[in-house]
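Peer 1: I am attaching a structure below and will ask some questions about it afterwards.
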Number of protein chains: 2
Amino acid sequence: MRKKGLTIKDVAKKAGVGVGTVSRVLNNSPHVNPKTRMHVLKVIEELGYIPNPHARRLSSGHSGIITTIFPQMVGEFHQLLLMGIDRVLENEGYTSFVYPLYSDNRYRFVKESSDFVLGTDGLIIDALNVDRLLSQYIPRNTPVVSLEYESSNYDSVLVDNFYGGMLAGDYIASFEGEIFIVTHRPESELESTVFDERVNGFIESIERKGKKVSEIFEIPLDWLQAFNIAKGIFRRVKRSLIFAATDYFAFPIVEVARLLGLEGKKDFYLCGFDNLTLSNILNITTIKQPIYEMGRMAGEILLKRIKGYSRKPRAIVLKPELIVRKT
Amino acid sequence: MRKKGLTIKDVAKKAGVGVGTVSRVLNNSPHVNPKTRMHVLKVIEELGYIPNPHARRLSSGHSGIITTIFPQMVGEFHQLLLMGIDRVLENEGYTSFVYPLYSDNRYRFVKESSDFVLGTDGLIIDALNVDRLLSQYIPRNTPVVSLEYESSNYDSVLVDNFYGGMLAGDYIASFEGEIFIVTHRPESELESTVFDERVNGFIESIERKGKKVSEIFEIPLDWLQAFNIAKGIFRRVKRSLIFAATDYFAFPIVEVARLLGLEGKKDFYLCGFDNLTLSNILNITTIKQPIYEMGRMAGEILLKRIKGYSRKPRAIVLKPELIVRKT
DNA sequence: CTGAAAGCGCTTACAG
DNA sequence: CTGAAAGCGCTTACAG
């Protein structure tokens with residue numbers, strides 16, 4: 001039967017050493033006699049002692065954890081980003097937790113509860129208006145890096161979404177047909193404007209070529225809605241040219257085209273955004289973002305900040321590229 | 001210019017009260033004179049004071065956070081589960097962080113670093129061999145709930161996957177053709193055996209009807225591989241009956257069928273597992289799991305444990321159901 | 001309702 | 001290499 005509240009003192013007493021020595025063993029300090037270390041380790045094992053994380057963090061001043069905040073958690077995109085972030089952090093003994101904001105309550109928690117937001121050593125925040133999200137308290141000892149949103153207070157890592165939209169526009173404008181946009185309507189006013197930028201870039205390019213967009217559909221990140229909109233478009237228009245501001249919408253659109261027996265690059269043209277695996281499988285033309293790379297850079301900057309780097313925040317902007325496939 | 005290391009003492013001094021009073025204000029204690037409260041709040045505001053989370057957690061003994069661990073993070077399934085978990089926890093002032101295990105390093109961190117795993121008030125662990133994952137240390141003050149894996153040490157919430165597999169088998173076996181299984185090969189020995197159970201249930205049902213499975217394909221959770229396997233099957237076999245142990249595989253399989261001009265329920269039959277949104281859109285027959293419900297129950301049990309409930313762990317088993325669509 | 005003080009369980013100079 | 005002690009920044013009985 002094990003005792004509940006084992007502390008470092010219990011270990012020290014049983015091992016016949018001071019708590020300092022136990023602590024050094026726990027933290028792999030080189031300044032411990034190998035024999036002492038072995039002995040202490042054995043006692044720890046016997047007792048089944050587990051250090052209290054909160055105490056460790058309070059006295060050491062750090063947790064070894066960083067938090068990544070996403071507006072929602074839809075899969076591949078986010079996992080890739082995380083892998084990029086890990087790439088850098090893991091070497092330094094850090095790891096990252098995820099806090100997805102798929103509900104109003106979660107937004108509220110982040111906005112109002114500095115307590116748990118600042119319980120880790122750093123924050124990477126994706127596709128959110130960071131400045132407003134954190135307006136109720138200013139993280140001072142907790143560095144923040146903003147992804148996909150250009151912050152005025154923190155370092156940012158961005159993709160040039162306007163340019164990406166233009167690439168899509170250049171592609172689409174080179175064909176004949178009626179032009180449509182299917183884009184994401186943010187579910188919170190705190191979501192960043194990446195989709196708007198893509199759409200604006202697209203429209204800019206289209207108009208430069210003297211053409212115009214017939215209709216813009218703004219919907220939540222919901223396959224079914226995209227599906228229904230595509231049905232409407234394909235049924236009404238003989239030949240449609242569609243820009244899906246994210247691949248997630250491109251998937252169901254292509255599906256509808258298939259159901260109706262429409263052929264890509266003949267009956268319709270479609271350009272997505274993101275270059276997810278499924279767009280590769282479905283052979284969808286899309287705009288590629290360097291997702292993993294973005295994560296990596298965000299991790300790098302955050303790490304520098306954690307280590308004390310204190311220059312003025314700046315933004316890094318990456319370029320997207322067009323990938324032409326069969327739509 | 002704000003000072004860096006503001007503490008509760010600075011606030012107390014400036015407000016002319018004791019730290020206890022500041023603490024009570026911070027924690028919304030009812031035992032504070034409204035005027036005192038207002039004043040302290042103003043000072044906190046002026047100073048821009050933010051309480052140190054680690055200190056709070058050390059003295060209060062809890063963090064208000066629970067951690068959910070997934071083998072990977074592929075999207076809809078996990079978000080639904082999380083929403084179910086939240087449903088219960090939010091009412092009690094808790095919120096949940098996610099720790100996805102998409103890399104070996106992450107497995108290692110969980111297995112070896114009790115420190116950060118136990119830094120929250122509770123653990124919900126999905127589709128992993130919890131007993132082995134946590135074998136290196138026994139969480140004592142941190143309750144654990146296992147999802148999709150029947151643990152011998154902790155409460156479990158499960159779906160009867162074997163039965164689900166049988167439902168799929170009953171469906172598939174009622175048609176003529178060559179039978180295939182496409183299932184997930186765990187990338188870590190610590191992943192749970194949900195897929196095996198589904199497959200075993202399927203085979204059991206098939207064999208009871210005097211039929212047999214031609215081939216079993218085990219692949220990672222990778223659309224491209226499923227895509228290629230489907231190609232092979234459809235090209236070789238005139239009429240195939242396929243059980244995809246997860247809808248994620250069913251999507252690309254249907255895609256290949258489309259490309260080859262094959263018609264569901266005529267040229268091939270396909271039954272997936274999970275009933276994700278995309279299987280609805282693609283009209284794929286599948287086995288429905290009560291995902292949200294599972295999350296909700298896991299959250300409920302965890303909460304009870306956090307509050308001190310200490311009976312012997314037990315397992316709750318939910319039933320899946322067959323949803324017949326156009327494949 | 002409030003303040004002074006003990007205590008949460010570690011880490012880390014400090015002196016040896 | 002090691003121990004005793006101060007300190008991390010809160011919370012929470014306790015006495016008033």
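The values are calculated or read from the model by the stated rules, or taken from the named source; none is laboratory data. Bear in mind the structure is a predicted one, so any value in this text is a computation, not a measurement. Every residue, glycine as well, gets a Cβ built from its backbone with ideal geometry; the counts of neighbours run over all protein chains shown.
Peer 1: Give the residue that is surrounded by the fewest Cβ atoms within 10 Å (Cβ to Cβ), with candidates limited to residues of the range A:48-92 that are of a type in the set (Asp, Glu) and more than 7 Å from every other protein chain (Cβ to nearest Cβ).
Peer 2: Residues of the range A:48-92 that are of a type in the set (Asp, Glu), as a first pass: A:76, A:86, A:90, A:92.
So of that shortlist, the ones also more than 7 Å from every other protein chain (Cβ to nearest Cβ) come out as A:76, A:92.
Working: A:GLU76: 18, A:GLU92: 12.
Selected residue: A:GLU92.
Peer 1: While we're on this one: Taking the range A:177-207 on its own, how many of its residues are outside any helix (DSSP H, G or I) and not basic (Lys, Arg)?
Peer 2: 16
Peer 1: Can you tell me which of A:PHE195, A:PHE243, A:PHE234, A:PHE249 is under 21 Å from the mean Cα position of the chain (by Cα), aromatic (Phe, Trp, Tyr) and over 24 Å from A:SER156 (Cβ atoms)?
Peer 2: A:PHE249
Peer 1: Could you tell me whether A:GLY84 is in contact with a Phe, Trp or Tyr (Cβ under 6 Å, 6 or more places away or on another chain) and modelled with pLDDT of 95 or more? Before you say what the answer is, go through the steps one by one.
Peer 2: Details: in contact with a Phe, Trp or Tyr (Cβ under 6 Å, 6 or more places away or on another chain): yes; modelled with pLDDT of 95 or more: yes.
Yes, satisfied.
Peer 1: Filter the range A:90-131 down to residues that are out of contact with any Phe, Trp or Tyr (no Cβ under 9 Å at 6 or more places or on another chain) and among the aromatic types (Phe, Trp, Tyr) and give me whichever is farthest from B:PHE109 (Cα to Cα).
Peer 2: A:TYR107
Peer 1: To continue, here is another question. Checking the conditions here, which among B:PHE251, B:PHE243 is more than 30 Å from B:GLY61 (Cα to Cα) and in a strand (DSSP E or B)?
Peer 2: Of the residues listed, the single one that is more than 30 Å from B:GLY61 (Cα to Cα) and in a strand (DSSP E or B) is B:PHE243.
Peer 1: Just name the residue that is farthest from the other protein chains (Cβ to nearest Cβ) out of those in the range A:254-263 that are part of a loop (DSSP other than H, G, I, E, B) and at pLDDT below 90.
Peer 2: It comes out as A:LEU260.
Peer 1: If you don't mind, there's one more thing I want to ask. Within the range B:33-60, which residues are over 30 Å from A:GLY5 (Cα atoms) and either near DNA strand C (Cβ under 10 Å from one of its atoms) or in contact with a Ser or Thr (Cβ under 6 Å, 6 or more places away or on another chain) (or both)?
Peer 2: Within the range B:33-60, B:ASN33, B:PRO34, B:LYS35, B:THR36, B:ARG37, B:HIS39, B:VAL40 meet the criteria.
Peer 1: Please go through the range A:29-71 and pick out each residue that is aliphatic (A, V, I, L, M) and not in a strand (DSSP E or B). Working first, answer last.
Peer 2: If we filter the range A:29-71 for residues that are aliphatic (A, V, I, L, M), which is where we start, we get A:32, A:38, A:40-41, A:43-44, A:47, A:50, A:55, A:58, A:65-66, A:69.
Residues satisfying the conditions are A:VAL32, A:MET38, A:VAL40, A:LEU41, A:VAL43, A:ILE44, A:LEU47, A:ILE50, A:ALA55, A:LEU58.
Peer 1: Let me confirm something: among B:ARG106, B:ARG2, B:ARG24, which residue is closer than 21 Å to A:SER114 by Cβ and modelled with pLDDT of 90 or more?
Peer 2: B:ARG24
Peer 1: While we're here: For the subset of the range A:136-170 comprising residues that are within 19 Å of A:SER240 (Cβ to Cβ) and buried (at least 21 other Cβ atoms within 10 Å of the Cβ), which member is nearest to the other protein chains (Cβ to nearest Cβ)?
Peer 2: As a first pass, look at the range A:136-170 and keep what is within 19 Å of A:SER240 (Cβ to Cβ): A:165, A:168-170.
Retained after the next criterion (residues that are buried (at least 21 other Cβ atoms within 10 Å of the Cβ)): A:165, A:168-169.
Values: A:GLY165: 25, A:ALA168: 23, A:GLY169: 28 Å.
Result: A:ALA168.
Peer 1: Kindly list, by first and then second residue, each pair from a residue in the range B:290-304 that is touching a residue at least 60 places away in the same chain (Cβ under 8 Å) and crowded, with 21+ Cβ neighbours inside 10 Å to a residue that is among the small types (Gly, Ala, Ser) and part of a helix (DSSP H, G or I), limited to pairs with Cβ atoms under 6 Å and residues at least 6 apart or on different chains.
Peer 2: B:GLY295/B:GLY84
Peer 1: Just checking, how many residues over the range B:10-64 are within 10 Å of DNA strand D (Cβ to nearest atom) and touching a helix residue (DSSP H, G or I) at 6+ places or on another chain (Cβ under 7 Å)?
Peer 2: Residues flagged as within 10 Å of DNA strand D (Cβ to nearest atom) and touching a helix residue (DSSP H, G or I) at 6+ places or on another chain (Cβ under 7 Å) within the range B:10-64 amount to 19.
Peer 1: Right, here's the next one. When you look at B:ILE8, is it away from DNA strand C (no atom under 14 Å from the Cβ) and touching a Ser or Thr at 6+ places or on another chain (Cβ under 7 Å), yes or no?
Peer 2: It is false that B:ILE8 is away from DNA strand C (no atom under 14 Å from the Cβ) and touching a Ser or Thr at 6+ places or on another chain (Cβ under 7 Å).
Peer 1: Only one of these conditions is not met by B:VAL130: (1) surrounded by 24 or more Cβ atoms within 10 Å (Cβ to Cβ); (2) of a type in the set (Val, Ile, Thr); (3) over 25 Å from B:LEU318 (Cα atoms). Which number is it?
Peer 2: Condition (3) is where B:VAL130 drops out.
Peer 1: Given (1) in contact (Cβ under 8 Å) with a residue 40 or more places away in the chain; (2) outside any helix (DSSP H, G or I), where does B:ARG87 come up short, assuming only one miss?
Peer 2: (2) is the only condition that B:ARG87 fails.
Peer 1: Next question. Of all residues in the range B:222-250, which are over 21 Å from B:PHE162 (Cβ atoms) and within 14 Å of another protein chain (Cβ to nearest Cβ)?
Peer 2: B:ASP222, B:TRP223, B:LEU224, B:GLN225, B:ALA226, B:PHE227, B:ASN228, B:ILE229, B:ALA230, B:LYS231
Peer 1: Could you please tell me which pairs satisfy a Cβ distance under 7 Å, a separation of 6+ or placement on different chains, a first residue in the range B:15-32 that is closer than 16 Å to B:LEU47 by Cβ and near DNA strand C (Cβ under 7 Å from one of its atoms), and a second residue that is among the charged types (D, E, K, R) and in a helix (DSSP H, G or I)?
Peer 2: Close Cβ pairs satisfying both conditions: B:VAL19/B:LYS9.
Peer 1: Looking at (1) under 25 Å from B:PRO71 (Cα atoms); (2) surrounded by fewer than 24 Cβ atoms within 10 Å (Cβ to Cβ), which one does B:PHE243 not meet, given that it meets all the others?
Peer 2: Result: B:PHE243 fails condition (2) only.
Peer 1: Applying the selection to the range B:93-121, what residues are within 7 Å of chain A (Cβ to nearest Cβ) and not in a helix (DSSP H, G or I)?
Peer 2: B:THR95, B:PHE97, B:VAL98, B:TYR99, B:PRO100, B:TYR102, B:SER103, B:LEU118, B:GLY119
Peer 1: Still on this structure, please answer the following. Name every residue in the range B:122-135 that is within 13 Å of another protein chain (Cβ to nearest Cβ) and out of contact with any Leu (no Cβ under 9 Å at 6 or more places or on another chain), in order of residue number.
Peer 2: Matches in the range B:122-135: B:SER135 only.
Peer 1: Could I ask something else about it? Go through the range B:33-47 and count every residue that is crowded, with 19+ Cβ neighbours inside 10 Å and more than 13 Å from chain A (Cβ to nearest Cβ).
Peer 2: Just the residues of the range B:33-47 that are crowded, with 19+ Cβ neighbours inside 10 Å, to begin with: B:40, B:43-44.
Now drop any that are not more than 13 Å from chain A (Cβ to nearest Cβ), which leaves B:40, B:43.
Qualifying residue count, the range B:33-47: 2.
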